[in-house]
């Protein structure tokens, strides 16, 4: 397989092959945790870290593991990494850890991670594999944050609520109340709202793609893809 | 000589989507008149506001989707959705509740699925369930029938209540509202009162079911029967739905009349009649084969009774309709009529 350039890896992960918007993988944590920006960001970063580390390790061992047992080896590697991250979060972001609950250990079963290990890391050198993990994770985190923002604004009328859980007590000023005395729109917080909002985000991406396709060549400059993602 | 023989069918019925929709609206009018008579002008204001919002959303969505405005705007389907949802909302519900509901019905439930004829779920019921789940407090604030309210709101007071949230005097919406009959029976059963005690103790109950509600439902029944006579709707769904609801209610009423309300009360309370004739019969989202319609209607009737009696909500027509909408393609698949000459 031809080696991909850094540029192609970045564009794949952030936009054209985005984990959440195009592959539609890892929906369970995506839908369950994205009720606020802070929750989404936290889970996104944890997933990002897991992706980078697991891709790098899988790439390192790719020539020493026989194909018959590769999946179970990948799963054990991912599980070990997630356990480390889970314990670290428990120690340093305890309240956030309590909120995210079962979804931190469940990163192990996030199909995007095993998917990247199988589809990319097991066939590429360490550096491209780690980069792929980084950009796939960034793309996933971006969608989690966007979805979290959409649901938080619609559902509670705030942005960055409980920012102190992640950035310490000094970050409370980050919380923005957009609408004073908002009654709350429960649907956006509930799981059906997550499905509807994710559907809207995917639709938005498709609209942007089809607009760019119909426009002449300059608009298809890859820089636009990265800034849009 | 050249004989021009057109292919069959040779007899056409000049029924367009517009005629069907207008007749459905016309059939709703008796019920709406009685409803407005008993509950005040808020009903009519809500309906007019809902129609305006529905037409605006419809036009915006048609424009966004690049569809021609004229044929779709004049087909009347948005108006029917608006009227059905507005009738299902409490008479003094604030304007933004209607706005959000109608916008959700037209934009999400109808146009995101491809517009009229492509929506798998009844838009009015999708919006109703969405509002019920999102705004549980606003959705249960039913004003009492004007006969029970002291003093009833006049037109200006109603307008102020709906659009500004101002209520006359020092009253709040909580003081102006009361539980619906279905709600009351459910709450009192929870307090270990028998159905008969509840019915006798509260002024909210009339001769057949809830005071006022019984007449509204009878008026909707009259409109529905007119639709049947005009062959706008088939008999299978309403008969199967009301029959199944009555059968379930009869069984449990005969076993234990202390804890289960009578079949007549179930038929004439809540949205049973409205749902049977106007909502479940939606040609887009209902089952289409004759046998399938019987199963579809009976399913709604049974589910409505189950949700009313053992569920968390006082009425279950909207949930039942959506659940059976989901089952409609499967029902159609298994109830295809036999083609003549084949097994």
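What to note about this one:
- Top-ranked residue of segment B:90-106 - restricted to ones that are within 15 Å of the chain's Cα centre (by Cα) and either at pLDDT below 90 or within 14 Å of chain A (Cβ to nearest Cβ) (or both), ranked as nearest to residue B:158 (Cα to Cα): B:91
- Single residue of B:43, B:20, B:25 found to be under 23 Å from residue B:221 (Cβ atoms), modelled with pLDDT of 90 or more and surrounded by 14 or more Cβ atoms within 10 Å (Cβ to Cβ): B:25
- Residues satisfying the stated conditions in segment A:180-204, i.e. more than 12 Å from chain B (Cβ to nearest Cβ) and buried (at least 19 other Cβ atoms within 10 Å of the Cβ): A:194, A:198
- Test: residue in segment A:137-158 that is under 23 Å from the mean Cα position of the chain (by Cα), in a loop (DSSP other than H, G, I, E, B) and modelled with pLDDT under 90: no
- Any hit, segment B:100-107, residues being surrounded by fewer than 24 Cβ atoms within 10 Å (Cβ to Cβ), over 22 Å from residue B:316 (Cα atoms) and touching a residue at least 12 places away in the same chain (Cβ under 8 Å): yes
- Those residues of segment B:46-85 which are crowded, with 18+ Cβ neighbours inside 10 Å and in a loop (DSSP other than H, G, I, E, B), in sequence order: B:75, B:76
- Test: residue in segment A:197-214 that is modelled with pLDDT under 85 and not in a helix (DSSP H, G or I): no
- Candidates B:319, B:265, B:278 - the one that is assigned to a helix (DSSP H, G or I), more than 15 Å from the chain's Cα centre (by Cα) and assigned by TED's automatic domain parsing to the domain that holds residue B:212: B:265
- Residue B:109 meets all of the listed conditions (1) farther than 19 Å from residue A:186 by Cβ; (2) within 14 Å of chain A (Cβ to nearest Cβ); (3) touching a helix residue (DSSP H, G or I) at 6+ places or on another chain (Cβ under 6 Å) but one, namely (1).
- If the condition is being in a loop (DSSP other than H, G, I, E, B) and within 10 Å of chain A (Cβ to nearest Cβ), then segment B:112-139 contributes B:112, B:135.
- Filter result for residue B:312 (in the same structural domain as residue B:226 (by TED's automatic domain parsing) and buried (at least 23 other Cβ atoms within 10 Å of the Cβ)): no
The values are calculated or read from the model by the stated rules, or taken from the named source; none is laboratory data. In this text the structure is predicted, and so the values were computed from the model without any measurement. We place every Cβ from the backbone using ideal geometry, glycine too, and count neighbours over all the protein chains shown.
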